[in-house]
């Protein structure tokens, strides 16, 4: 590490000394339900403009984390397993030959995925406490190669710190 990098690192450490999770965490946490079908999860994530969320069970207990990456990974694996020449495609081709696009839209039904969030979530949860330092959170996120950690107190979810929250800390230095 050269002298300039060392100076930047020292300045960051000095300016964030004493800064804790409590100072930067988001207190309102949107959670996904483990029993949701994947189409509901996709809508939840996109409607709230978030890339991931904690997963809770029926009791509200934190049991995992799910992200857009999990959805993409699941969909790419599913696409490999499906047969492109299935019976459904034959019927669709016949319908398209005899009906206009407007008429076909009337037949559209909403597909609900039989796969649930619990089947694609990551059961490993990275937890931090409100008293942890920002440096400790950064170290946890870097080592775990993760984008969010969950703030807990007495086993209950109290907040979240995301990579974006950490970037805002750096910006404000």
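The values are calculated or read from the model by the stated rules, or taken from the named source; none is laboratory data. Because the structure is a prediction, the values reported are computed rather than measured. Virtual Cβ from ideal backbone geometry, glycine too; neighbours counted across all protein chains shown.
Would you check which residues across the stretch 27-40 are over 10 Å from the mean Cα position of the chain (by Cα) and either farther than 19 Å from residue 74 by Cβ or not in a loop (DSSP other than H, G, I, E, B) (or both) and list them? Within the stretch 27-40, 27, 28, 29, 30, 33, 37, 38, 39, 40 meet the criteria. Among the residues examined, residue 20 qualifies as surrounded by 14 or more Cβ atoms within 10 Å (Cβ to Cβ), in contact with a strand residue (DSSP E or B) (Cβ under 7 Å, 6 or more places away or on another chain) and either farther than 30 Å from residue 71 by Cα or modelled with pLDDT under 75 (or both).
Tell me which residues, restricted to the stretch 135-173, are under 14 Å from residue 19 (Cα atoms), in contact with a strand residue (DSSP E or B) (Cβ under 9 Å, 6 or more places away or on another chain) and free of Cβ contacts under 8 Å to residues at least 40 places away in the same chain. Result: 136, single match. Counting the residues of the stretch 111-144 that are in a loop (DSSP other than H, G, I, E, B) and under 30 Å from residue 173 (Cβ atoms) gives 6. When residues in the stretch 129-163 are screened for being closer than 13 Å to residue 29 by Cβ and buried (at least 19 other Cβ atoms within 10 Å of the Cβ), 8 of them pass.
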